[in-house]
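Some notes on the structure that comes next.
The values are calculated or read from the model by the stated rules, or taken from the named source; none is laboratory data. Computed from a predicted model, the values in this text were never measured in an experiment. Note that each Cβ is placed from the backbone with ideal geometry, even for glycine, and that neighbours are counted across all protein chains shown. What goes into the accessible areas is simple: the full protein's heavy atoms, side chains included, and nothing from ligands, DNA or RNA. Shrake-Rupley method; radii C 1.70, N 1.55, O 1.52, S 1.80 Å.
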Amino acid sequence: FKIRSFVSLDDLKNSTCPEVYEAVMANAKERFNLYWKCKDPKIKVRQGITIFIKHHDKDKLSYGGRMAGMPFAQINWERFRKDERVFLHELGHVFGLGHSCPPEKGSGGRPNVMNFKKGCHPLPEGEAGWLYTPSQAEKIKKRRDAYAKQFAKIKDPLWDKILTDSPLTR
């Protein structure tokens with residue numbers, strides 16, 4: 001994947017959706033709903049994963065998944081600064097992974113980036129890994145391919161230019 005764009009608070013403020021900026025600054029609950037309703041292609045990208053970086057929010061949690069079929073991750077900046085695996089964990093959710101159960105104390109098992117006690121499921125027998133296990137990596141690849149097909153159907157001149165001009169590869 002390539003980065004299509006970065007949207008600053010000034011970009012939001014000067015967009016065709018200034019109500020998103022106002023809601024973000026006021027920490028209003030409707031800020032995310034307003035973002036998803038925004039039609040400004042410089043603000044809301046339908047061809048990629050939207051990543052929100054929260055740096056002034058009282059909600060210390062981070063989230064990942066899909067909203068209205070569009071993938072997103074919301075990262076709490078303070079938590080990210082303490083542990084960069086927070087980003088990998090939320091991206092795991094974006095790509096369809098659920099929580100895996102942490103290893104029992106004294107079991108000798110290694111933690112996994114998707115470990116979280118609440119709502120967890122045991123990893124398949126014999127699988128372990130600090131980041132993603134083989135079965136998790138396979139699920140990520142399938143969702144990546146599904147996203148690529150979904151995004152390919154949406155025309156976006158700015159994105160087409162980025163793909164043409166970028167020396168980066170997938």
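Below is a table of values for the structure above.
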{"quantity": "Test: residue in segment 80-99 that is of a type in the set (Phe, Trp, Tyr) and either touching a His at 6+ places or on another chain (Cβ under 8 Å) or without any contact (Cβ under 8 Å) to a residue 12 or more places away in the chain (or both)", "calculated": "no"}
{"quantity": "Residue list for segment 21-50, filter: over 14 Å from Met67 (Cβ atoms) and among the polar types (S, T, N, Q)", "calculated": "Asn27, Gln47"}
{"quantity": "Among the candidates Lys142, Lys117, residue that is over 27 Å from Arg31 (Cα atoms), open to solvent by 40 Å² or more (accessible area, probe 1.4 Å), among the basic types (Lys, Arg) and assigned to a helix (DSSP H, G or I)", "calculated": "Lys142"}
{"quantity": "Qualifying residue in segment 31-51 (condition: crowded, with 17+ Cβ neighbours inside 10 Å, among the small types (Gly, Ala, Ser), closer than 30 Å to Asn115 by Cβ and touching a residue at least 60 places away in the same chain (Cβ under 8 Å))", "calculated": "yes"}
{"quantity": "Single condition Ile75 does not satisfy, out of (1) touching a strand residue (DSSP E or B) at 6+ places or on another chain (Cβ under 6 Å); (2) in a helix (DSSP H, G or I)", "calculated": "(2)"}
{"quantity": "Some residue of segment 122-137 being surrounded by fewer than 17 Cβ atoms within 10 Å (Cβ to Cβ), within 18 Å of the chain's Cα centre (by Cα) and either part of a helix (DSSP H, G or I) or free of Cβ contacts under 8 Å to residues at least 60 places away in the same chain (or both)", "calculated": "yes"}
{"quantity": "Qualifying positions in segment 66-78 - of a type outside the set (A, V, I, L, M, F, W, C) and crowded, with 17+ Cβ neighbours inside 10 Å", "calculated": "Pro71, Gln74, Asn76"}
{"quantity": "Qualifying residue in segment 83-98 (condition: at positive phi, small (Gly, Ala, Ser) and open to solvent by less than 50 Å² (accessible area, probe 1.4 Å))", "calculated": "yes"}
{"quantity": "All positions within segment 13-32 that are at pLDDT 85 or above and closer than 30 Å to Ile140 by Cβ", "calculated": "Val20"}
{"quantity": "Verdict on Gly98 being part of a loop (DSSP other than H, G, I, E, B) and out of contact with any Lys or Arg (no Cβ under 8 Å at 6 or more places or on another chain)", "calculated": "yes"}
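For (1) within 26 Å of Lys44 (Cα to Cα); (2) polar (S, T, N, Q), each residue gets a yes or a no:
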{"position": "Ala73", "(1), (2)": "yes, no"}
{"position": "Asn76", "(1), (2)": "yes, yes"}
{"position": "Pro103", "(1), (2)": "no, no"}
{"position": "Val113", "(1), (2)": "no, no"}
{"position": "Gly126", "(1), (2)": "no, no"}
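The rows are residues; the columns are (1) among the hydrophobic types (A, V, I, L, M, F, W, C); (2) within 13 Å of the chain's Cα centre (by Cα).
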site	(1), (2)
Val24	yes, no
Glu30	no, no
Lys37	no, no
Thr50	no, yes
Lys54	no, yes
Gly65	no, yes
Met70	yes, yes
Ala73	yes, yes
Glu78	no, no
